[in-house]
Amino acid sequence: MSAESRTRAVLDESVRASIVEARSAPPALFAADGTPHNMSAYHFGRLLRRLRILRWLDRFRFDSLVDVASGFDCYPFLARQRYGVDAYYSDMVHRVNMPFGGPWFGRLDRAVTLQLPRLPFRDDAFDVVLCSEVLEHLVRPVEALAELLRVARKYVIVTSLEALSTNRWERWRSHVTVDVTVPHAERNFFLLSDFHALFGADLLHEPLQGATTLPANPFVPAAQQAAAYAGLDTRVALEAALCRALTTAPGGRSAMGIVLVKARPGAVVAPPTPESDAELATWLIDLAVREEEHVRRTLAMAGSMRERFPADLADAIVRRPVSESLRTRLCCPDCRGELAPQGVGLRCTTCAQRFGSQFGVPILYPTRPPDDSALGEAVDRLCGSDGRRRKTVNRLAARLRRAEHPPDALRRFAARVARRGRANSE
């Protein structure tokens, strides 16, 4: 079984368990007026990441967006609410693409099941391509980044809290200690110079977080962190903390993670407007309150209808065909040929491969094994004729490929030392 298949199986089970757990009325994060309850480092980080990404989107001019590996997050919904654009979800776990949230989240006829790095989208299919907190897990990240660039007509946004290393020693140590046989492992680590080689000198970037601007330094004891986040118990305090967390200086010692933004030639990126941060934070909290309430209502409705839903109606919904508007953005993940309707699924008009669907969500996993020529195509797309960048990216890809082998004795020993060090620090 491939690393992607193992990861998909593990994530699918995790999603299934999360859905079952959510049915037991999870504690509310917000009161109806937006007053936060039970705030934690995780929930604050999620809000901060949304704020970072929306802050960039405010500076773009675009009419369409796709979130690649969107999971349970709802950036397409946020983009549609704030900018009125045509926005789409996609993920390798088919279960999370289902439109069970109804029309509110906008997954119906706007979700695709896929697998990086073989994206089933046509060239320049979307103005904005977003890929958040995925890069560190990818098996072939160079090819995946080239695919994101291929399907983006104007902008690519990539975020990762774990993938950026501050120096070569830290990058080496991270690669040596990771066990890539673990599904969904954080396996890819880059220097900032690696990202510039991948995307070019015009790459825009900023830290995702900063240890000194968060409500609590992530390296202090867990109890101290929990108390600091629990203290964000008013909207004013939460909004102020979010805005302060945006002020991390690029390149500072406290910077953590990275937001990468690549604008294609001719795409406009307006200057930042820090004076708008408070308004955006307020808007995001308002949407988070509505999102939480909608999820609670959806779960309650699902529980009451589960035993009364007519079988023929359920079958008709499952067999909903792929919408024409979505199909026009798609291509075959094997050969990039045009996809034509076939029953409720799709068929490639070039290689004749057939792909199924459920609830109008096409299942477009590649059926062919990875092709070694894909790396050459990826380097061409990323670097063009720039010989220095091509050499750096090929060397980077080779290093990342070596890291895919099961750990040898040295790496197993290094991993044990790293785990022991983490245990002693907790």
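Considered as a group, the residues in segment 133-166 that are of a type outside the set (D, E, K, R) and more than 17 Å from the chain's Cα centre (by Cα) include one that is least open to solvent (accessible area, probe 1.4 Å), and that residue is SER165.
Could you tell me whether segment 19-41 includes any residue that is open to solvent by 50 Å² or more (accessible area, probe 1.4 Å), part of a helix (DSSP H, G or I), at pLDDT below 80 and closer than 30 Å to ALA241 by Cβ? Yes, segment 19-41 contains at least one residue that is open to solvent by 50 Å² or more (accessible area, probe 1.4 Å), part of a helix (DSSP H, G or I), at pLDDT below 80 and closer than 30 Å to ALA241 by Cβ.
Each row is one residue, and each column tells you yes or no for (1) open to solvent by 30 Å² or more (accessible area, probe 1.4 Å); (2) modelled with pLDDT under 95.
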{"site": "ARG168", "(1), (2)": "yes, yes"}
{"site": "SER174", "(1), (2)": "no, yes"}
{"site": "ASP179", "(1), (2)": "yes, yes"}
{"site": "ALA185", "(1), (2)": "no, yes"}
{"site": "ALA197", "(1), (2)": "no, no"}
{"site": "LEU204", "(1), (2)": "yes, no"}
{"site": "GLN209", "(1), (2)": "no, yes"}
{"site": "THR212", "(1), (2)": "yes, yes"}
{"site": "PHE219", "(1), (2)": "yes, yes"}
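No other residue among ARG388, ARG336 is basic (Lys, Arg), in a helix (DSSP H, G or I), open to solvent by 70 Å² or more (accessible area, probe 1.4 Å) and modelled with pLDDT of 90 or more apart from ARG388.
Selection of segment 89-132 for residues being closer than 18 Å to ILE53 by Cβ and crowded, with 24+ Cβ neighbours inside 10 Å yields TYR89, SER90, ASP91, PHE126, VAL128, VAL129, LEU130, CYS131. Would you confirm, using the coordinates I've provided, whether LEU260 is among the aliphatic types (A, V, I, L, M) and within 23 Å of SER165 (Cα to Cα)? Yes; evaluated as a whole, the condition is true for this residue. Which members of segment 178-223 meet the condition of being hydrophobic (A, V, I, L, M, F, W, C) and not in a loop (DSSP other than H, G, I, E, B)? Across segment 178-223, the qualifying residues are PHE190, LEU192, PHE195, ALA197, LEU198, PHE199, LEU204, ALA222, ALA223. Residues that are free of Cβ contacts under 8 Å to residues at least 40 places away in the same chain and in contact with a strand residue (DSSP E or B) (Cβ under 6 Å, 6 or more places away or on another chain) within segment 237-291 are absent altogether.
The values are calculated or read from the model by the stated rules, or taken from the named source; none is laboratory data. Nothing here was measured: the structure is a model prediction, and the numbers come from that model. For neighbour counting, all protein chains shown are included, and Cβ atoms are generated from backbone atoms with ideal geometry for every residue, glycine included. For the accessible areas, the whole protein counts, side chains as well, though only heavy atoms, and no ligand, DNA or RNA atoms are used. Shrake-Rupley method; radii C 1.70, N 1.55, O 1.52, S 1.80 Å.
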